[in-house]
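The block underneath contains the structure these notes are about, expressed in structure tokens.
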Amino acid sequence: MVHRAPPGGVIAGALAYRHHCVQVFEGYAGTSESGFRAEVESEQALARGEHLMAAIDAHEHTGLTGPAVEEAARRLEEFGARARFQGKVVLDDNRLRRLMAKHDPAVYPGEYITCVHNHAKALCERARRGRAEGLPDHGGCKPLACRNVALTPENSAAWQREVDRITRRLASRPTLPPLLRHRLESRRAEITAFLLENTTVLESA
């Protein structure tokens, strides 16, 4: 099977499977001996792997920006190289499952960021004491501060839409209460500074 990226790009899709889906299933299957949770995780990894391979094949990863851009590019190049055959990305489901099991790049695309997970740098992990596994914590994500963040053009566009929403809210009538207005202005300034700092494409791309 040759993987190709669909219109609009793949790597920017909201595919944070292990971020939150595992948490949902944990309550039902976390202590089960049936193997249900492992099966769910395997299917999620397969779907994420298919999307990542399609993005790599379309060279979408070369347009990433942000603090983790070099690490993201390196991981995805290595991951793609392991799957190439005669210049094409050719994988059946079984081979892709094995590839993800052995060489998962730990790259998790989402709407606002692409998480290039590194346990040592993850702010979400530092915030949840007592959790030993090396998975990112979607609910505790701090995207504007975490050094594990990479951005696709679609991620940056999502942040800009958030800025635009805040601007419209601030311009609405009647005038917002001072405290709420201050919070929204601070949030808009924080996002704007984040985008200004993290929207230069990697020069070697």
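The values are calculated or read from the model by the stated rules, or taken from the named source; none is laboratory data. Please read all numbers here as calculations on a predicted model, not as lab measurements. Quick reminder, even Gly has a Cβ in these numbers, built from the backbone with ideal geometry, and neighbours come from all protein chains shown. For accessibility, only protein heavy atoms count, side chains too; no ligands or nucleic acids. Shrake-Rupley method; radii C 1.70, N 1.55, O 1.52, S 1.80 Å.
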Please compute the per residue accessible area over region 141-201 with all protein chains in place, 1.4 Å probe, rounded to a whole number of Å². 62
Around Lys102, what is the net charge, scoring Lys/Arg as +1 and Asp/Glu as -1 over all other residues with Cβ under 13 Å from its Cβ? +2
Under the 0.36 nm per residue contour assumption, what length would be gained going from the current alpha-carbon distance of Ser172 and Glu111 to full extension? 19.3 nm
Once the Cβ-Cβ distance between Glu77 and Glu162 is put in as r, and R0 is 41 Å, what FRET efficiency do you end up with, to the nearest 0.05? 0.85
Between the modelled labels at Glu43 and Ala101 (7 Å from Cα along Cα→Cβ) the distance in nm is 1.8
Run the numbers for Asn118 and Leu179: contour at 0.36 nm per residue of separation, minus the present Cα-Cα distance, in nm. 18.4 nm
Work out from phi, with θ = phi - 60° and the Karplus expression 6.51 cos²θ - 1.76 cosθ + 1.60, the ³J(HN,Hα) of each residue of region 114-121, listed in order in whole Hz, and give x for Gly and Pro. 10, 7, 9, 5, 9, 3, 5, 9
